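Since the structure comes first, as structure tokens, the remarks are kept for the end.
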Amino acid sequence: MQLTVEQLSEWCGQPAAEITDLNLSSKELTDASAVASCTNLRKLNLSKNNLTTITGVRDLSALTWLNLSQNVITAITGVDQLKKLNVLNLSNNELTTISSDIEHLEGLKALILNNNKIGSVQHLEKLTQLNTLVLSHNHIKTMPSLPTLTQLTKFSAAHNEFTTIPDFSVNPALKELRMNDNGIAKLPDTLRNCSSVEILDLGNNQLAEWSGIAALGSLTKLTNLNLKGNPLVEKDGYREKILKLVPSLRVLDGQRFDPKFLERKKKHEANLNIVEKKQRLKREKQLKKDDDGGAIEGKKDSGETISVEKQQSRGTKRTLKGAPTEQVVAKKMKKEGEAVKPSEHGKASSNKGTKRANEDHVEKKPGLKKVKVAAAAAGSKKDERKIAAKTSAAAAAANGDMERKTNKRTREDMKTKKRVAGTEEKESTASSKKDSFFLPKEEEPAHKGDIEANEKQQQQAEANVKGMSKAVRQKSGVVGIVDKTKAATTQRKTSVKGKKNGGSNADSSKDDVVSLLESAAQKEKETTGTGLDVGGWDD
């Protein structure tokens, strides 16, 4: 594809002459001569195209940064016109030599020529401002000393064919030297003079003897050393000897071990563990929140039902707890002589609590269905299945628990009622028996035949007394009774005659005997001592 000025203006949205930064990477360009119209261009990126020459670029005298990497350029003729160029990247091209036009880039600070086919290094002596030179992945075997490059700080010639390290003793500013993946078998003594080197990469070479790395002992500022891939690494005591040889090391073969770093690393790992733990807890919390999202919505929808269910369950608990208390009170009151029955309010509340518990079982099912529907609508299909499974399991468990609790409460209520009823019956029976014990027995009415029999017995007693001799009567005490009976009879006859003039003799005699016996009984009650004073037994 050939670039045109119109395309430049269209892509940049401004006239070509006003463009200062242009990125034409990956445009499949084969000719970029149109960029010459960008007279004020400072930065140009033409990487990843199909360019073979730099036609058009050499006319950009104001250019300071140029990237021509990943093309098929074979020559850089005309680059000498870029007097202000600071950075030139020609990596991944088809260069076989370094053009002499490079010498005119006296302001160049970074030259990148890696991944080409260069076999020798030349025309670099005049680049006095150069601080970075990259020649890796080429076919270079040797390189001359470059004493004029006093500003050179970074040099890389990895993946070449070097057998020794070039002389950099004349480059006092060199700090980073990368010569890995070559054929170096021994370090030259000139390396001892590179006292500013801090990073040295000699990995994958042929270093096999301790004497071959003796020059490392003079690099007092060396902090990062890589010797991996060398036979020397397999020797016993390798690490200890290297650290003894280069005490300033902080990183050996890619592993850092200085105390400060190890302390920071330990803290960092601890922080990572803490951060990881926090992240894990956060994820678990989020998952739990997602799982409970539907349940929360269901609770909001059925908030009133849940509150009513709680109140009912609390009422049932109070009723079950209150029933035994009433029984205890009833027993205490009955012991004091008062018959008290359990309050109808307690029975009603117990029945009401059982009824509410049964209603809880009925009302909870729709609420759980709402929870299940809300949870299913809240998340994805996978979350729906999880929430549905958890909700159904919770619902089944809740229903089972509620049924068991309801049945248990019902059985306890029935037992409580039976105990109360039995206690009442027993106590009422005992009370009635106790009370009837103290009541006087009712006198049975006397029949006429009984009265007549008593009178006959009294008359027979009088006749027996009269038939007894006086001595016997005195000894038995009957004499006193007879005498008193006579006196009482005489007195009674006199009184009766005074009040009435009628009456039969048989009736009056009967009355006299009865009166006599009553007076004798009264006298026995009033006497003291042995009760045997009649007839002189107490004398």
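The values are calculated or read from the model by the stated rules, or taken from the named source; none is laboratory data. The model shown is predicted, which means the values in this text are computed figures rather than measured ones. FYI the Cβ positions are ideal-geometry reconstructions off the backbone, even for glycines, and counts take in every protein chain you see. Just the protein is used for accessible areas: all its heavy atoms, side chains included, with ligands, DNA and RNA removed. Shrake-Rupley method; radii C 1.70, N 1.55, O 1.52, S 1.80 Å.
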In region 138-159, anything open to solvent by 10 Å² or more (accessible area, probe 1.4 Å) and either on the phi > 0 side of the Ramachandran plot or within 60 Å of the chain's Cα centre (by Cα) (or both) is listed as 153, 154, 156, 159
When residue 117 is run through (1) farther than 15 Å from residue 75 by Cα; (2) surrounded by fewer than 20 Cβ atoms within 10 Å (Cβ to Cβ), the failure sits at (1)
By residue number, the members of region 250-288 that are among the polar types (S, T, N, Q) and open to solvent by 100 Å² or more (accessible area, probe 1.4 Å) are 255
Just to be sure, is residue 171 open to solvent by 10 Å² or more (accessible area, probe 1.4 Å) and assigned to a loop (DSSP other than H, G, I, E, B)?
no
For region 194-207, the count of residues that are part of a loop (DSSP other than H, G, I, E, B), among the hydrophobic types (A, V, I, L, M, F, W, C) and within 59 Å of the chain's Cα centre (by Cα) equals 3
For region 186-201, the count of residues that are among the small types (Gly, Ala, Ser) and touching a Ser or Thr at 6+ places or on another chain (Cβ under 7 Å) equals 1
| Condition met for residue 44 (open to solvent by less than 10 Å² (accessible area, probe 1.4 Å), within 60 Å of the chain's Cα centre (by Cα) and on the phi < 0 side of the Ramachandran plot) | yes
Just one listed residue, out of 204, 182, is surrounded by 18 or more Cβ atoms within 10 Å (Cβ to Cβ) and either charged (D, E, K, R) or in contact with a Ser or Thr (Cβ under 9 Å, 6 or more places away or on another chain) (or both), and it is 182
Only one of 191, 232, 225, 216 is outside any helix (DSSP H, G or I), open to solvent by less than 60 Å² (accessible area, probe 1.4 Å) and either free of Cβ contacts under 8 Å to residues at least 12 places away in the same chain or on the phi < 0 side of the Ramachandran plot (or both), namely 225
Going through (1) under 60 Å from the mean Cα position of the chain (by Cα); (2) on the phi > 0 side of the Ramachandran plot one by one, residue 78 fails only at (1)
